[in-house]
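Inspection log for the structure reproduced underneath, given as structure tokens.
Read-outs throughout are calculated quantities, based only on the coordinates presented, and are distinct from any laboratory measurement. What you see is a predicted model, and the numbers here were worked out from it, not measured in a lab. Neighbour counts are summed over all protein chains in view; Cβ atoms, including those assigned to glycine, are modelled from backbone coordinates with ideal geometry.
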Amino acid sequence: MIKRNKQVAKLKSGYLFPEINKRKQNFLINNPEAKLISLGIGDTTQPISSTVVDAFVGISKNLGTPEGYIGYGPEQGIELLRQKIANTFYKNLVNSEEIFVSDGAKCDIGRLQVLFGGEVSVAIQDPAYPVYIDGSIIQGIDKIHMMSCSFENGFFPDLNVLDRVDLIYICSPNNPTGAACTYSQLEKLVAYAKKNHSIIIFDAAYAGYIKGPNLPKTIYEIKGAEEVAIEIGSFSKLAGFTGIRLGWMVVPEALKYENGFSVKEDWNRIATTLFNGASIIAQYGGLAVLEEKGLKEVEKLVDFYLENARFLKTTLEQMGYEVFGGINAPYLWVHFPGKNSWEVFQELLEKAHIITTPGSGFGPAGEGFVRFSAYGKREDILLAIERLKKIKI
Ligand code: MLT
């Protein structure tokens, strides 16, 4: 009989969101009439804009004709889409050759972890999106440093106490805390990476939510970042593509291993081995998002979710809770001092029929917190607010 993969066996029994779903199903067995409101997983709820839908329809029809049919596309993505991503999000701080279009941030992170393998040391924010740590464990990495991020340090790690690591994961705007990095924080990060010859994996999947005028939208706004950072971007939360699947990664030409070999070249090797390119239909949708009309539509969409976040934040603060995030991010990180996150999750489920995400599911430093997602439909957000006002946790 085949032996179970030791690394997989080391993972906590369930990935966070399926575990939440299990608890939800158990609750529904005993309370079949309950009308649950999901403010748990960050899944978009608003329809995709008409410009983008038209693009999906157009390319789908073409695919049904002899002249319009397309098989495999370039693994790195349609050239025009790569150019538009470089122009729109990076103002040409990076070039199209450095953009790799993908089926989304989570899948990209998994392939990146294959690229760097199991011998590297990594530093991960605590709390963090679970994929950084689980994917590292799967690769067999045992040198994992957790960098505590709390309100005391503005949810940004103290790099002065961090030993040298090969890879450092930073997510901004942060999932789950909602904190967006400042210029000065990113300058310190880039300086750390330069000094220690580390590579930053900068997860900017929520960059579209940054509205503050003095906040960097990409790490490449920091001088020299192209020598030390890979950036991950996504259409999921920007344009409602969570089910469509489309993202990208920036791997700069200037990023090298200690022997001077190009990281981008190795990434191209891994990506083209493990991935056949993003869906053509999704990529045509992405092209439509990046047209003038599409960009206006997604801005409205992002503003809608940020307004949800504002409504929730105001209510929770009026109820006396300390609420972080929710301004440049679609997540609210709510403090329940002295309480266990899963207990708060359960209380919110039982008393208000609201599903949230327990902070401890993102790491030990998340204990005592619960994350609220602002991705609900407006009527659900308003109903959740009514219900919240009637309970005490
Ligand atoms: C989340 O709720 O943290 C995200 O939706 C999960 C994801 O994007 O994979």
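Below is a table of values for the structure above.
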read-out: Projected label distance in nm at Asp163 and Ser279, using a 7 Å step from Cα toward the beta-carbon; value: 4.5 nm
read-out: Counted charge near Ile393, where neighbours are those whose Cβ lies closer than 10 Å (Asp, Glu -1; Lys, Arg +1); value: +1
read-out: Segment Ala34-Glu221, length gained on full extension (0.36 nm per residue, minus Cα span); value: 62.5 nm
read-out: Segment 88-179 shape via C-alpha gyration tensor axes, a/c threshold 1.5; value: oblate
read-out: Packing-based order for 185-192, 152-159, using average beta carbon neighbours within 10 Å, highest first; value: 185-192, 152-159
read-out: Relative contact order computed over the chain (Cα-Cα under 8 Å; 6+ residues apart), in percent; value: 22 percent
read-out: Candidate lysines for bridging to Lys264, where Cα separation is under 25 Å - those fewer than 8 sequence places away on the same chain excluded; value: Lys84, Lys91, Lys106, Lys143, Lys188, Lys194, Lys195, Lys217, Lys223, Lys256
read-out: DSSP-defined beta bridges in the chain - what % are antiparallel, rounded to 5; value: 50 percent
read-out: Two-decimal log10 I(q)/I(0) for segment 250-393, as the Debye equation yields it once each C-alpha is a single scatterer, q = 0.09, 0.15, 0.21 Å⁻¹; value: -0.47, -0.86, -1.14
read-out: Environment charge of Asp142, counting only residues whose C-beta is closer than 15 Å and scoring Lys/Arg +1, Asp/Glu -1; value: -1
read-out: Lys, Arg +1 and Asp, Glu -1 on Cβ, resulting dipole of the chain about Cα centre, debye, nearest 20; value: 900 debye
read-out: Segment 215-281-segment 292-312 distance, computed between alpha-carbon centres (Å); value: 25 Å
read-out: Between segment 169-184 and segment 315-344, the Cα center-to-center distance that results, in Å; value: 17 Å
read-out: Of the DSSP H helices in the chain, those whose Cα atoms cover at least 15 Å axially and whose Kyte score averages -0.5 or more; value: 50-63, 79-90, 105-116, 341-352, 378-389
read-out: GNM result for the chain, Cα springs below 10 Å: residue of Phe261, Phe56, Phe116 fluctuating most strongly; value: Phe261
read-out: Proxy reagent accessibility, fewest Cβ within 10 Å first, across Arg378, Arg4, Arg245; value: Arg4, Arg378, Arg245
